[in-house]
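Presented below is the structure to which this report refers.
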Amino acid sequence: MMEKREHWGSTFGFIMAGAGSAIGLGNIWKFPYITGINGGGAFVCVYLACIFFIGVPVLLSELALGRASQRGPIGAFGYFSRKSSILPKVIGGFGLGLSAALFAFGSNGLALMVGLIGIAFLVKGWSVAGFCCTAVAFLILCYYIIIGGWILRYAILAFAGKLSFATATDATGCFLGMAGDGWLSALLTIGFMVPCAGVCYFGVKKGIELASKIMMPVLLVIIFVLVIRSLTLPGASKGLEFFLKPDFTKLTTQGLLEALGHAFYSLSLGMATMITYGSYLPRQRNIFSAGLWIVLLDTCVALLAGIAIFPAVFAMGQSPAAGPGLIFNILPLTFNAIPGSLGWLWNGLFFLLMLIAALTSAISIFEPGVAALMEHAKFSRHKAVIVTAGSATVLGMVICSSVLTWERIPGVEALFQTLTGACRASLFEQIDYLCSSWVLPLNGFAIALFTGWIWGVSRASRELYRRGVPATTLERTEKIRSLFFMRLSVSFWSIFIRFIAPVLVLIMFLYAAGIVKFTK
Ligand code: PFF
């Protein structure tokens, strides 16, 4: 039997859960590094512009779509699309035409994906966009839990004082040993999946909201402690300079698109989570201010992460690296070497910070699958959680067996080779590439088009500002006073969601999929 839709208990709880989704590994291991190499403060300015002009409108659209329909992505798109509209048929037909052209040019993988989406649009209409959001959330979950498992191990090792390495080579050896050991990775993956599924098992209010209300303040305290420790190290200023000194000569078109892509990823857009979290909002809450709080927290934590990491890295004589290299090789060396006998504590706090960030994000990407099973297969929450956890763990195990190379699954490599021409180094990288470069921007494009043109900006904006009927005179005066700002921001929002966001997100897709290239 379908259960009654659950709701957040408070706006604070919703903001903590939303910020928990947005604040993830992207903030801590990707943002600081791409900022450093793309012109520091100059890149931060561009990133903030992307967040403000594209991220905020799309985030508000996702939250409004979910809240207005009180459904997850598949139901939400279906709920607002008109049966008589011929647009899905036009999109489907266009997709098939594009697919044929891509086959002719030899891009078989892209052609297959576009062709399948085209057919699905012809048959099922806009719900397909909701399905793509939910499917990509599930796929990201499958490899995110592997990284979560590694972080879990490093956090335990750090607090036990066993994460000290003499050289960067030792640190790299330790990481590669763990990642190359399929059984160990699989065990760690399960260790990370259990608390993640456990939280969702208890539901929206008693599970996700409660866990976020506990974990997010702890995360904020830890990051402030690390920032203070890092900034008070001798030689910290060089790191700050690397991270924040504006250098406009280093800004390239690629850097701009990287900023846009990261703004998107950082706010967890296009991956079903914000629509699903929005659908748990009761009618009387104001989405606009809650959405802005989520953006503010996400951006501040990204900046604080850079301020916690780079001064320490430079003060300890290390050089910054990207992605896993920074987290698993450079940072254990860095924090452990901090003078005094507390190296283990700084290391432990850093990995605890990462663990919390990864857990709250993984929970948010776990929930759309659960919501879809509850809504469309009429599962109970408990059954939906068990099925989602079980299937993600099984697929996670297959990915675990080939985190570094395709060696253990040569057949799958051959399949990807045929479909996409060239493959990435492993199944893990291949899925990450497909999700973040192809599917996420396409989903964002669909969300912006749908809200701006199908659902319509006037209906969407009414949903954004919906509040309880003002009860007191003071509330009424406040409402009138904020009306002017409301109108102003609605017109601003509607221009961005209808025109600017779809165009920029489409360019981001073409660039990320390698169809459009820039020399500078
Ligand atoms: N906003 C998240 C981050 O910056 O890491 C994106 C995310 C990735 C959310 C993976 C959830 C997830 F499982």
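The values are calculated or read from the model by the stated rules, or taken from the named source; none is laboratory data. What you see is a predicted model; the values in this text were computed from it and never measured. Cβ atoms come from the backbone with ideal geometry, glycine included; neighbour counts cover every protein chain shown. Quick note on the areas: whole protein, heavy atoms, side chains included, nothing else; ligands and nucleic acids left out. Shrake-Rupley method; radii C 1.70, N 1.55, O 1.52, S 1.80 Å.
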Just how much of residue 50 is accessible, in Å², when a 1.4 Å probe is used and the result is rounded to the nearest 10? 20
When a/c reaches 1.5 or more, the comparison of a/b and b/c decides; with that in mind, is region 1-77 rounded, prolate or oblate per its Cα gyration tensor? prolate
Accessible area per residue, Å², region 198-240 with all protein chains present, probe 1.4 Å: 49
Would you please give the FRET efficiency between residue 495 and residue 162, computed as 1/(1 + (r/R0)^6) with r the Cβ-Cβ distance and R0 = 56 Å, to the nearest 0.05? 0.55
By Kyte-Doolittle mean hydropathy of at least -1.0 and Cα axial length of at least 24 Å, which whole DSSP H helices of the chain are selected? 87-104, 127-159, 182-201, 210-231, 287-315, 343-376, 381-400, 473-495
Would you mind pulling out the separation of the Cα centroids of region 297-321 and region 33-62, in Å? 17
Mind checking Rg over Rh on region 169-306, alpha carbons, Kirkwood formula for Rh? 1.02
Looking at the calculated P(r) for the chain, what percent of the C-alpha pair distances fall above 38 Å? 25
Amide H neighbours of residue 516 under 5 Å, at least 5 residues apart or on other chains, H built in the peptide plane: list them. 511
If you plug each phi of region 403-408 into the Karplus form 6.51 cos²θ - 1.76 cosθ + 1.60 with θ = phi - 60°, what whole-Hz ³J(HN,Hα) values come out, in order, with x for Gly and Pro? 5, 9, 9, 8, 2, 7
What lysines sit close enough to residue 89 to cross-link, taking a C-alpha to C-alpha distance under 26 Å and skipping anything fewer than 8 places away on the same chain? 124
So how much slack lies between residue 249 and residue 237, counting 0.36 nm per residue of separation and subtracting their Cα-Cα distance, in nm? 2.2 nm
Carbon and sulfur %, accessible surface of the chain computed with the full protein complex present, 1.4 Å: 71
Kindly report, to the nearest 10 Å², the accessible surface of residue 404 as traced by a 1.4 Å probe over protein heavy atoms only. 80
How big is D for region 1-153, in µm² s⁻¹ as a whole number, if Stokes-Einstein is applied with the Kirkwood radius of its Cα pairs at 37 °C and 0.692 mPa s? 173
Once 266, 289 are ranked on solvent-accessible area with the largest value leading and a 1.4 Å probe, the list reads 289, 266
Roughly how much of residue 457 is accessible, in Å² to the nearest 10, using a 1.4 Å probe? 30
Can you return the lysines within cross-link range of residue 238? Criterion is Cα-Cα under 28 Å, with same-chain partners fewer than 8 residues away left out. 30, 250, 520
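Contour minus end-to-end for residue 183 and residue 300, with contour as 0.36 nm per residue of separation and end-to-end as the Cα-Cα distance?
That pair, residue 183 and residue 300, stretches by 38.4 nm at full extension.
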Given a Förster radius of 30 Å and the C-beta distance between residue 221 and residue 194 as r, what FRET efficiency does 1/(1 + (r/R0)^6) yield to the nearest 0.05? 0.75
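What accessible area per residue comes out for region 289-419, rounded to a whole number of Å², with a 1.4 Å probe? Intermediate results must be reported in sequence, preceding the final value.
Values: 4450 Å² over 131 residues.
Accessible surface, normalised per residue, equals 34 Å².
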